[in-house]
Amino acid sequence: MSGKTSDPIDMAHLLLAFFIIGALWQAASMVLNKPLLPEPYRVCQTWYALMTTGVLWPHIASSLYRMEVRNYEEMYAAILTLAAIGIIAYMALDIAERKLCPWKK
């Protein structure tokens with residue numbers, strides 16, 4: 001066995017999914033407040049400007065350094081915080097589904 005999957009990634013579906021996500025993001029940014037959710041093109045412009053001016057690289061280096069330091073207390077605190085957020089989000093969606101979809105009982 002060569003290790004390759006029998007179903008390669010379908011580029012048409014991948015591009016369609018990327019386009020749909022971008023369109024939903026754009027629509028949501030037009031509905032919501034701009035500081036809350038900026039437009040996708042504005043995010044790409046800002047990212048490119050930060051990358052080309054050299055402002056982004058020190059921040060990336062700082063993040064990589066923090067990963068290398070291995071501050072386990074902060075790492076475990078973040079893991080527990082994210083787990084709690086996930087559990088709360090799951091419970092909220094479960095309650096919303098029970099209230100909004102009574103036919104699923």
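Taking a ≥ b ≥ c as the square roots of the eigenvalues of the Cα gyration tensor, the chain is rounded, since a/c falls below 1.5.
Can you pull out the trypsin sites (Lys or Arg not before Pro) in the range 57-99 that DSSP calls coil and that have at most 16 other Cβ atoms within 10 Å? Here the sparse-neighbourhood loop sites are Arg70. Relative to the current alpha-carbon distance between Glu74 and Ala28, full extension at 0.36 nm per residue lengthens the span by 13.2 nm. Only helices enter the 222 nm calculation for the chain: every DSSP H run of n ≥ 4 contributes -39,500 (n - 2.57), and dividing by all residues gives -25500 deg cm²/dmol, rounded to 500.
Here, each number is a calculation from the coordinates, and none is a lab measurement. Quantities reported herein were computed from a predicted structural model and do not represent experimental measurements. Neighbour counts are summed over all protein chains in view; Cβ atoms, including those assigned to glycine, are modelled from backbone coordinates with ideal geometry.
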